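Report on the structure given below.
The values are calculated or read from the model by the stated rules, or taken from the named source; none is laboratory data. The structure presented is a predicted model; accordingly, all values stated were derived computationally and were not measured. Cβ coordinates were reconstructed from backbone atoms using ideal geometry, including for glycine residues, and neighbour counts include every protein chain displayed.
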Amino acid sequence: MAIRISPSVLNCDFSDLKGELAKISNADWAHIDVMDNHFVPNMTFGIPLVEAIAKISPLPLDCHLMIEQPDIWAPQYVEAGGSSVTFHAEAAQAPLRLARQLRAQGARAGLAVKPATAIDPYLDILDEFDMLLIMTVEPGFGGQSFISSMMRKVAKTREAVRKSGLDVWIQVDGGVSRDTIEIAAQAGADTFVAGSAVYRAADAAEEVNVLRDLASGHCH
């Protein structure tokens, strides 16, 4: 199973976006946390900044929309340059229709669930998504500690993906670090968002390599 590392730029120095993206050019994706101060109690950035990042990023953009009304907004993030766009199950009015629309635009469609949201209803329609994101913290702020009880949800999702024979990625986001990435890989995650762990490291590129190696040693 391929391991993918998607560092979150939420923790980077925005006054030097080009330099900060270059630091993680050995990763697989650049994770863009879009928050609207409605769905989550924090505000980050919207379409204009995603467009600007897309122009200079050495990596494809993995946009995680922690916003209300993704049915309206998500397609615009594909237009802005998102190669993968993940919206929340709790916010979407018509998740299947939205996933199909994102795919029709040429992007990967991801579905995210908060810690208290069950993944089960979506496991029957796995073929409609390219990625399922199991949040391992409450979305809204970086630097929170990893909720290890989410590993049951990850394992259940991995089992469903395995049975389906589909190539659906399983992403974890929140508190992913050297201490937690092996646990998540063991449970069945293959795509890892790491924010503060990468950008607070002395050498971001080296940290990406270390995280990838740790996850690779433990993935099925």
Response to the item:
Of the residues in the stretch 28-61, those that are of a type in the set (A, V, I, L, M) and free of Cβ contacts under 8 Å to residues at least 12 places away in the same chain come to MET43, LEU49
Item to complete: Identify, by number, the condition in (1) modelled with pLDDT under 95; (2) at negative phi that MET151 doesn't meet.
Response: (1)
Worksheet item: Hey, SER149 hits all of (1) part of a helix (DSSP H, G or I); (2) surrounded by 15 or more Cβ atoms within 10 Å (Cβ to Cβ); (3) among the hydroxyl-bearing types (Ser, Thr, Tyr) but one; which does it fall short on?
Response: (2)
Worksheet, complete the sentence: Checked the stretch 155-171 for anything over 19 Å from PHE141 (Cβ atoms) and either of a type in the set (S, T, N, Q) or not in a helix (DSSP H, G or I) (or both); matches are THR157, SER164, GLY165, LEU166, ASP167, VAL168, TRP169, ILE170
Worksheet, complete the sentence: Filtering the stretch 74-96 down to residues that are in contact with a strand residue (DSSP E or B) (Cβ under 7 Å, 6 or more places away or on another chain) and closer than 14 Å to ALA109 by Cβ yields ALA74, TYR77, VAL78, GLY82, SER83, SER84, VAL85, THR86, PHE87, HIS88, ALA89, PRO95
Fill in: Condition check for LYS55: in a helix (DSSP H, G or I), touching a helix residue (DSSP H, G or I) at 6+ places or on another chain (Cβ under 6 Å) and surrounded by fewer than 15 Cβ atoms within 10 Å (Cβ to Cβ)
no
Fill in: First in the stretch 167-185 and closer than 19 Å to VAL113 by Cβ, second anywhere and surrounded by fewer than 19 Cβ atoms within 10 Å (Cβ to Cβ) and among the hydroxyl-bearing types (Ser, Thr, Tyr), Cβ under 7 Å, 6 or more apart
GLY175/SER145; ILE183/SER148
Worksheet entry | Members of the stretch 12-62 found to be touching a Gly at 6+ places or on another chain (Cβ under 7 Å) and farther than 23 Å from ARG108 by Cβ, listed by number | PRO41, ASN42
Worksheet entry | Selected residue [in contact (Cβ under 8 Å) with a residue 40 or more places away in the chain, over 18 Å from GLY195 (Cα atoms) and in contact with a Leu (Cβ under 9 Å, 6 or more places away or on another chain)] from HIS64, HIS88 | HIS88
Item to complete: Mind listing just one residue for me: the one in the stretch 158-210 that is more than 21 Å from ARG103 (Cβ to Cβ) and among the aromatic types (Phe, Trp, Tyr) and, of those, nearest to the chain's Cα centre (by Cα)?
Response: PHE192
Discussion item. Go through the stretch 86-112 and report how many residues are in a loop (DSSP other than H, G, I, E, B) and either of a type outside the set (Asp, Glu) or touching a helix residue (DSSP H, G or I) at 6+ places or on another chain (Cβ under 9 Å) (or both).
Written reply: 8
Worksheet item: Would it be correct to say that SER83 is in a strand (DSSP E or B) and modelled with pLDDT of 95 or more?
Response: yes
Worksheet, complete the sentence: Per the filter on the stretch 172-200, residues in a helix (DSSP H, G or I) and surrounded by 23 or more Cβ atoms within 10 Å (Cβ to Cβ) are ILE181, ALA184, ALA185, ALA187, ALA197, VAL198
Practice prompt. Mind telling me which of the residues ALA155, ALA116, ALA89 ends up being of a type in the set (A, V, I, L, M, F, W, C) and under 15 Å from the mean Cα position of the chain (by Cα)?
Written response: ALA89
